[in-house]
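Input: a single structure, listed below in structure tokens.
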Amino acid sequence: MSDLDYPDDLRYTTDHEWIRVGADGMVRIGITAFAQDALGDVVYVSLPAAGETVAVGDACGEVESTKSVSDVYAPLEGEVTAVNPALDATPELINSDPYGEGWMFEMKLADSSALEALMDSETYQASLT
């Protein structure tokens, strides 16, 4: 695992999603380096629609790779405010830049205190062993 990156400024889920909290309180969500590495080459991404309300644990999208199709789960409750339009044409951004250009969607949280239940980088990495 040591060759994969897990930035300290993000929160993580057991479903291998990362969450970045923006200055405006919005959160940006994607899948971790571990998840994209396990999936292999990503060829298609299905994401929730902007305006859709999701609950924790809802399957709200899919990532299709050359190896498999995996659900993307909502890590928090809230309203989807934006999806990454670049993934339509270049889904491989999830592989090449999972924490940057490969982000999946943004949400306005129903309750920001829910972030406290998510893992920090160290705890997430320990869960992978």
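The values are calculated or read from the model by the stated rules, or taken from the named source; none is laboratory data. Since this is a predicted model, take the numbers as computed values, not measurements. Note: ideal-geometry Cβ built from the backbone for every residue, glycine included; neighbour counts use all protein chains shown.
Assorted remarks:
- Which numbered condition SER113 misses (of (1) surrounded by fewer than 21 Cβ atoms within 10 Å (Cβ to Cβ); (2) under 21 Å from ASP24 (Cβ atoms); (3) at pLDDT 95 or above): (3)
- Matching strands (runs of 3 or more DSSP E) fully within segment 20-110 where at least 3 residues are touching a residue at least 60 places away in the same chain (Cβ under 8 Å) and within 15 Å of the chain's Cα centre (by Cα): 27-31, 105-109
- The residues in segment 1-19 that are part of a loop (DSSP other than H, G, I, E, B) and buried (at least 19 other Cβ atoms within 10 Å of the Cβ) can be counted, and the count is 4.
- Within segment 111-123, being within 25 Å of ALA38 (Cα to Cα) and outside any helix (DSSP H, G or I) holds for LEU118, MET119, ASP120.
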